[in-house]
Amino acid sequence: MQFIESRGNDGQRADKVSFSTAILEPMASFGGIYVPESLPNLGAEFLAEHVSSDYKVLAKAVLTAFAIDIEASVIDEALALYDHFDDPKNPVPVVKVKEDLFVSELYHGATRAFKDMALQPFGVVLSSIAQQRNEQYLILTATSGDTGPAALETFKGKENVRVACLYPDGGTSDVQRLQMVTENADNLKVIGIHGNFDDAQNALKSLLQSNTFKAKLQEQKIYLSAANSVNFGRIIFQLIYHIHSYLELVRQNEIALGEKVYLDVPSGNFGNALGGFYAMKMGLPVEKILIASNQNNILTELIGTGKYDLRHSTLIATTSPAMDILISSNVERILFSLFGAKRTKVLMQQLDSERYYELTADELSILQAVFTADYCSDDEGKSYIKEAFASGYLMDPHTATCFKAYATCRTKPLKTIAYSTAEWTKFSPTIANALTGEKNTDDRQALDTIAKAAGISIPDSINHLFDKTVSQDVVIDKADIESEILAFLH
Ligand SMILES: *Cc1c(COP(=O)(O)O)cnc(C)c1O
């Protein structure tokens, strides 16, 4: 399987690259990103064959169908990391919460958020390619709180890879911050910045594109890569759990093989939803993908009206911060897939220069044949958390946005798979507030409140965070990021 560029080729880069090149050098011509040249068609037979497969067997089969240039032994080593999830036999439990609503829980890994699903195996794959090539890589990552801990965890102590992780100071939960600032391996650097997540992501993008920065790295023979979901190396691992969740419903006798379902995805950078889209294109019986957002409802507007308009949008800090995003990077891969490279280049360049684009009526109806969308305010989210808890299900504020989309976006009475992207432990003050009305608590206190209300205990991995030493306490202005990173590399 080869990879091509979302905005076409500039005549200087190779017009097709291998999977490993697309991973190591994720930025393509004209500021585009890499997309698979084609998708394997898995179809009904594949699903039938894997009805009884466990997660790793299914994952191996999907990766094999992509025919990527990664050795089987490396893939096995990467997938073995799912053995460290809560239940090695079933790393992604799918839980029935209503007659036709099921929650696929993607947060049972090391850092208690769904980023582990892709970043855990990705770390092994990237480090092994870097070692094979005998090259040193710097992974730059920007996080609103979940990518950072997962990236640091996966690359901790790994050969040939260093990580510099940017997070918005004050823009993450206490638990998320502690998960980052208490990491202390030599190859990891955590940097808080004054600004919001979009600021962090923009700083990252300009560093990735900066020739002077790259030249300084080259002096030290270090190459740049990225662990955000612009990297296809993450997306490939995010296809698998959509197929797995569908097969879980078959195993639970909730659907017959071939029956259509809705996928209901809490979306930010659109990596999770893109995985569902690719799975659908590969033959998974999906009626539509419901895109759930918070009040940063740029995706609801795009899918509802065909307009992507940043001109009047400002980022709102919500209680689901991992979805506080205005520029949703993986939408570009959807545009490519539906409308081709030429059109994608026009639209994305217009977004860069005019902060706006608009699809034609025909394009919009093509988009709406696959997606439907709604957004959920913080107050609505709190009500959904409270209501679900009353009927025995504890969920986080990101997951809650799916309950709104479930209520408003479906037009057929089909079974719906909603994705839960974080454990309650990561956003405890919001949940404690929803359940008991208590306000302005810190994470420590909120965790206790919820544990008591729900009659459960706080996982050790979270409890221990509060006793760990903070070893990464840098918080700086955006302008100083470059020099801070260069100093770390020296
Ligand atoms: C990253 C994240 C999301 C958004 O996922 P995308 O793939 O970026 O759309 C939603 N919820 C949580 C908890 C996350 O960490």
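The values are calculated or read from the model by the stated rules, or taken from the named source; none is laboratory data. Just so it is clear, the model here is predicted, and its values are computed rather than measured. Cβ: placed from backbone, ideal geometry, glycine included. Neighbour counts: every protein chain shown.
A few notes on this one:
- Test: residue in segment 291-311 that is within 12 Å of the ligand (Cβ to nearest atom), modelled with pLDDT of 95 or more, among the small types (Gly, Ala, Ser) and over 20 Å from Met117 (Cα atoms): yes
- Boolean, Glu423 is in contact with a helix residue (DSSP H, G or I) (Cβ under 9 Å, 6 or more places away or on another chain), at pLDDT below 95 and either surrounded by 13 or more Cβ atoms within 10 Å (Cβ to Cβ) or farther than 22 Å from Ala292 by Cβ (or both): no
- Residues located in segment 241-268, provided they are within 13 Å of the ligand (Cβ to nearest atom) and aromatic (Phe, Trp, Tyr): Tyr241
- Restricting attention to segment 371-395, the residues that are among the charged types (D, E, K, R) and either free of Cβ contacts under 8 Å to residues at least 40 places away in the same chain or surrounded by fewer than 17 Cβ atoms within 10 Å (Cβ to Cβ) (or both) add up to 4.
- Picking from residues in segment 82-100 that are touching an Asp or Glu at 6+ places or on another chain (Cβ under 7 Å) and part of a strand (DSSP E or B), the one that is surrounded by the fewest Cβ atoms within 10 Å (Cβ to Cβ) is Val95.
- Qualifying positions in segment 423-458 - within 16 Å of the ligand (Cβ to nearest atom), within 20 Å of Val181 (Cβ to Cβ) and not polar (S, T, N, Q): Glu423, Lys426, Phe427, Pro429, Asp443
- Residue match in segment 144-153 (condition: within 16 Å of the ligand (Cβ to nearest atom) and surrounded by fewer than 24 Cβ atoms within 10 Å (Cβ to Cβ)): yes
- Subset of segment 312-336 [of a type in the set (Val, Ile, Thr), over 17 Å from His398 (Cβ atoms) and within 11 Å of the ligand (Cβ to nearest atom)]: Val331
- Here Val103, Val74 are screened, and the one residue that is part of a strand (DSSP E or B), at pLDDT 95 or above and either in contact with a Ser or Thr (Cβ under 9 Å, 6 or more places away or on another chain) or closer than 22 Å to Glu332 by Cα (or both) is Val103.
- Residue, farthest from Gln209 (Cα to Cα), within segment 457-490, restricted to residues that are hydrophobic (A, V, I, L, M, F, W, C) and out of contact with any helix residue (DSSP H, G or I) (no Cβ under 8 Å at 6 or more places or on another chain): Val475
- Residue in segment 380-393 that is away from the ligand (no atom under 16 Å from the Cβ) and in contact with a strand residue (DSSP E or B) (Cβ under 6 Å, 6 or more places away or on another chain) present: yes
- For segment 49-81, filtering for residues that are loosely packed, with under 12 Cβ neighbours inside 10 Å and of a type in the set (Lys, Arg) leaves 0.
- Consider segment 410-431 and keep the residues that are basic (Lys, Arg) and outside any helix (DSSP H, G or I). The one that is farthest from Asp264 (Cα to Cα) is Lys412.
- Strands (runs of 3 or more DSSP E) contained entirely in segment 258-371, each with at least 2 residues that are among the hydrophobic types (A, V, I, L, M, F, W, C) and in contact with a Cys (Cβ under 9 Å, 6 or more places away or on another chain): 286-293
- Within segment 396-414, tally of residues that are buried (at least 19 other Cβ atoms within 10 Å of the Cβ) and either farther than 22 Å from Ile316 by Cβ or in contact with a Lys or Arg (Cβ under 7 Å, 6 or more places away or on another chain) (or both): 2
- Residue in segment 269-279 that is modelled with pLDDT under 95 and within 16 Å of the ligand (Cβ to nearest atom) present: yes
- Residue satisfying all of: in segment 53-71; part of a helix (DSSP H, G or I) and over 21 Å from the mean Cα position of the chain (by Cα); nearest to Gln131 (Cα to Cα) among these: Thr64
- Unmet criterion (only one of (1) over 25 Å from Phe85 (Cβ atoms); (2) part of a helix (DSSP H, G or I)) for Asn440: (2)
- The condition of being over 22 Å from the mean Cα position of the chain (by Cα), surrounded by fewer than 22 Cβ atoms within 10 Å (Cβ to Cβ), modelled with pLDDT under 95 and at negative phi holds for Ala44.
- Test: residue in segment 127-141 that is aromatic (Phe, Trp, Tyr), in contact (Cβ under 8 Å) with a residue 40 or more places away in the chain, more than 9 Å from the ligand (Cβ to nearest atom) and more than 18 Å from Tyr82 (Cβ to Cβ): yes
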